[in-house]
């Protein structure tokens, strides 16, 4: 973790409103607040701007210069502004949502509206981030045409990769010098990817995005404290939020892997060089129906 990410910014406290109740002091992760002359006072410039102090202040005396009220305003529903203490939400309802969310590989053609996509982003940014960096980025493809255009770029990469992987001499030569990546790809993915490319070209059958009318590409700035973890936590929130809004979702790992190796994919999406792609979420209206909850494998648990 890069501690240099702590933002050099400070909150402001209205002493006309502050009662000196001290509720803000224990929730500050960087000990940025003291009581002086019976009033709360910021003492340094290492504030994370996490908004904890503002959220705990009963008088509304604390202002966070970067906090945006619109992030709490959803289009699909009205969010209660009162904090929910631990234990106040029904865990059975939460588990039901988590287990009901499935990866959808059969999307209908109906497109999503901008308001739905905006709400999904707000679900995402409620996730935690290292040192409150909040440096995640979200690239929206809001039409089927845009999704198809990305699919063309990604499949062009895999077409080149499959041609390389089909070269037995190249695979074996790389394996001899300790690079088995191409050999493993050929063993595990070459055949299925070749089939997907053939069906895309022949019947316009979409085995990459499964016919999704929208995609969210979740990235992060490379200098973030936790560049991988933050966008993945945001991604899980988006997946759960999508299900709650009546939408299906699916993570498309093939695009993430292609983007790691082919800069033209980020270029196509107009993603700058100081960002990395960590998840790609296909979205739409699911045409799948289930009668029960899928069971999971027993996990390895050490005690």
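The values are calculated or read from the model by the stated rules, or taken from the named source; none is laboratory data. Fair warning: this is a prediction, and the values are worked out from it, not measured in the lab. Because the Cβ atoms are built from the backbone with ideal geometry, glycine has one as well, and the counts that use them run over all protein chains shown.
Things worth noting here:
- Of residues in segment 246-263 being surrounded by 17 or more Cβ atoms within 10 Å (Cβ to Cβ) and closer than 14 Å to residue 153 by Cα, the one farthest from the chain's Cα centre (by Cα): 262
- Scanning segment 118-129 turns up no residue that is over 19 Å from the mean Cα position of the chain (by Cα), within 23 Å of residue 232 (Cβ to Cβ) and not in a helix (DSSP H, G or I).
- All of (1) touching a residue at least 24 places away in the same chain (Cβ under 8 Å); (2) in a helix (DSSP H, G or I) hold for residue 83 with one exception: (2).
- Residue within segment 94-101 that is modelled with pLDDT of 95 or more, under 22 Å from residue 264 (Cα atoms), touching a strand residue (DSSP E or B) at 6+ places or on another chain (Cβ under 8 Å) and part of a loop (DSSP other than H, G, I, E, B) present: no
- Condition met for residue 53 (at pLDDT 95 or above and not in a loop (DSSP other than H, G, I, E, B)): yes
- Of the helices (runs of 4 or more DSSP H) lying entirely inside segment 141-233, those containing at least 3 residues that are within 22 Å of the chain's Cα centre (by Cα) span 144-165.
- Condition broken by residue 293, with the remaining ones in (1) closer than 25 Å to residue 112 by Cβ; (2) touching a helix residue (DSSP H, G or I) at 6+ places or on another chain (Cβ under 7 Å) satisfied: (1)
- Comparison of 282, 224, 214, 234 shows that the only residue that is touching a residue at least 40 places away in the same chain (Cβ under 8 Å), over 26 Å from residue 115 (Cα atoms) and surrounded by 22 or more Cβ atoms within 10 Å (Cβ to Cβ) is 224.
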